[in-house]
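These notes concern the structure reproduced below.
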Amino acid sequence: MIIVGSTNADVGIQRGMDILRNGGSAIDAVEATIRLVEDNPEDHTVGFNSYPNVLGELQLDASIMDGSTLETGAVAAVRGYREAISIARKVKEALPHVLLAGEGAERFAAEMGFEHQPHMVTEKISELREERLKEDMPQEVFAGLASRADLHQWVRLATDPDKTGGTVNVLAKDGRGDLCTGVSTSGWAWKYPGRVGDSPIIGAGNYADNRYGAAGCTGMGEMAIRSATAHSVVFYLKTGASVEEAGIRAMQDLNDLGGPYRAAMNIVALDSKGTPAGFTSTKGRTYIYQTSDMTRHIEQERTFVNVSQRWN
Ligand code: ASP
């Protein structure tokens, strides 16, 4: 049994491991681990109190995939609920669909009994948004953003790759050998309203298949969508590559993408035997994992793979 995650999953990984040790499923462990990250007010990239879109509204994306059946559930651009991963799981369990977006996802969350939270962003984060956006635009533009007909121009300036992003990835293998991957995020800070990243897109930011392995992504979601990165890792595993080779090849595919918008990317992966691995295009980044015989998780450096950055 093992749980693997992006480093910000450290607040929940022990809870996930306790579930696995008590005979719980990979999907229960993944959901519980991610819920603690979503509730962590200090993590400004996942769940409650995260960086909002350019208009100051927090829109969350999440997905969960069961590697034993390839069933998935996902939500995109959900406002007013902090438990994006649990709503995603409910989509999998209560509907014949795999992805709900925006108002429909919010309606579904209410139907499933999740509590509406009108205040998802603290004053401090709102002030930070104002401070950051005013670095890129004059006061009068900032003040009138909601009604501007050229919002896309200002978002292009505000969402450059040096501004803050972040996501949580959690992968687990349970005592029955089942794999699950969960991903949850507030997406890119100051994004265009309605922008959806890779996290809720199965094959892009999330993929799990018991037969081969599982993968999750953080970083510039548009790249993972274009390259189907999480599925690529699992596909390379299917062709017989080791988890280390599979991750490196998926990262190299990202480096082959054309066009101007190429930024930082990261992957965590697990093969069907439970071997963990992490990859990054930013030297020095880490991931975490804990096996059932470890009393605490360990932090491990990710394999660096160059993805040269271009912007504009
Ligand atoms: N992958 C996330 C997204 O594109 C953001 C991130 O991980 O930085 O929405």
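The values are calculated or read from the model by the stated rules, or taken from the named source; none is laboratory data. Remember, predicted model here, so these are calculated numbers, not experimental data. Note that we place each Cβ from the backbone using ideal geometry, even for glycine, and neighbour counts take in every protein chain shown.
Within the range 20-42, restricting attention to residues that are among the charged types (D, E, K, R) and under 30 Å from I125 (Cα atoms), the residue that is surrounded by the fewest Cβ atoms within 10 Å (Cβ to Cβ) is E42. Against the conditions (1) buried (at least 24 other Cβ atoms within 10 Å of the Cβ); (2) touching a Pro at 6+ places or on another chain (Cβ under 8 Å); (3) assigned to a helix (DSSP H, G or I), where does M223 fall short? Just the number, please. M223 satisfies all of (1) buried (at least 24 other Cβ atoms within 10 Å of the Cβ); (2) touching a Pro at 6+ places or on another chain (Cβ under 8 Å); (3) assigned to a helix (DSSP H, G or I) except (2).
Quick one: which residue in S184, S232 is at pLDDT 95 or above, more than 9 Å from the ligand (Cβ to nearest atom) and part of a strand (DSSP E or B)? Exactly one of S184, S232 is at pLDDT 95 or above, more than 9 Å from the ligand (Cβ to nearest atom) and part of a strand (DSSP E or B), namely S184. Report yes if some residue within the range 150-158 is charged (D, E, K, R) and either touching a strand residue (DSSP E or B) at 6+ places or on another chain (Cβ under 9 Å) or within 16 Å of the ligand (Cβ to nearest atom) (or both); otherwise report no. Checked the range 150-158: at least one residue is charged (D, E, K, R) and either touching a strand residue (DSSP E or B) at 6+ places or on another chain (Cβ under 9 Å) or within 16 Å of the ligand (Cβ to nearest atom) (or both).
Only one of (1) modelled with pLDDT of 95 or more; (2) away from the ligand (no atom under 16 Å from the Cβ); (3) within 16 Å of N53 (Cβ to Cβ) fails for T167. Which number is that? Result: T167 fails condition (2) only. Return yes when V233 is more than 17 Å from E31 (Cα to Cα), of a type in the set (V, I, T) and within 18 Å of the chain's Cα centre (by Cα) and no when it is not. So V233 fits the description; yes. Restricting attention to the range 199-206, does a residue exist that is over 23 Å from I34 (Cβ atoms) and in contact (Cβ under 8 Å) with a residue 40 or more places away in the chain? No: zero hits. For the range 265-278, indicate whether the set of residues that are farther than 22 Å from A26 by Cα and assigned to a loop (DSSP other than H, G, I, E, B) is non-empty. So far as the range 265-278 goes, no, none of its residues is farther than 22 Å from A26 by Cα and assigned to a loop (DSSP other than H, G, I, E, B). Of the residues screened, L179 is one that is away from the ligand (no atom under 16 Å from the Cβ), in contact (Cβ under 8 Å) with a residue 40 or more places away in the chain and either among the aromatic types (F, W, Y) or closer than 24 Å to I2 by Cα (or both). Here A77 meets the list (1) more than 16 Å from the ligand (Cβ to nearest atom); (2) in contact with a helix residue (DSSP H, G or I) (Cβ under 7 Å, 6 or more places away or on another chain); (3) within 21 Å of G219 (Cα to Cα) almost entirely, failing just condition (1). Every condition in (1) farther than 30 Å from A146 by Cβ; (2) in contact (Cβ under 8 Å) with a residue 12 or more places away in the chain; (3) surrounded by fewer than 24 Cβ atoms within 10 Å (Cβ to Cβ) holds for S6 except the one numbered (3).
On inspection, G258 fails the criterion of being touching a residue at least 12 places away in the same chain (Cβ under 8 Å), away from the ligand (no atom under 13 Å from the Cβ), over 11 Å from the mean Cα position of the chain (by Cα) and in a loop (DSSP other than H, G, I, E, B). Kindly check whether there is at least one residue in the range 140-154 that is charged (D, E, K, R) and under 21 Å from N312 (Cβ atoms). Checking the range 140-154: at least one residue is charged (D, E, K, R) and under 21 Å from N312 (Cβ atoms).
Looking across the range 229-284 at every residue that is under 18 Å from G5 (Cα atoms) and out of contact with any strand residue (DSSP E or B) (no Cβ under 8 Å at 6 or more places or on another chain), the one that is surrounded by the fewest Cβ atoms within 10 Å (Cβ to Cβ) is identified as K273. Kindly indicate which of A110, A74 is over 20 Å from A214 (Cα atoms), of a type in the set (G, A, S) and at pLDDT 95 or above. Selected residue: A110, the only one of A110, A74 that is over 20 Å from A214 (Cα atoms), of a type in the set (G, A, S) and at pLDDT 95 or above.
Contact map, the range 94-110: first residue in contact (Cβ under 8 Å) with a residue 60 or more places away in the chain, second residue of a type in the set (S, T, N, Q), Cβ cut-off under 9 Å, separation 6 or more or different chains; pairs are V98/S63; V98/T72; L99/S63; L99/T72; G102/Q59. Name the residue that is nearest to T181 (Cα to Cα), counting only residues in the range 261-280 that are more than 16 Å from the ligand (Cβ to nearest atom) and under 17 Å from the mean Cα position of the chain (by Cα). Selected residue: L270. Checking the stated criteria, D136 turns out not to satisfy the condition of being assigned to a loop (DSSP other than H, G, I, E, B) and within 14 Å of the ligand (Cβ to nearest atom). Annotation: V196 fulfils all but one of (1) within 8 Å of the ligand (Cβ to nearest atom); (2) buried (at least 24 other Cβ atoms within 10 Å of the Cβ); (3) among the aliphatic types (A, V, I, L, M); the unmet one is (2).
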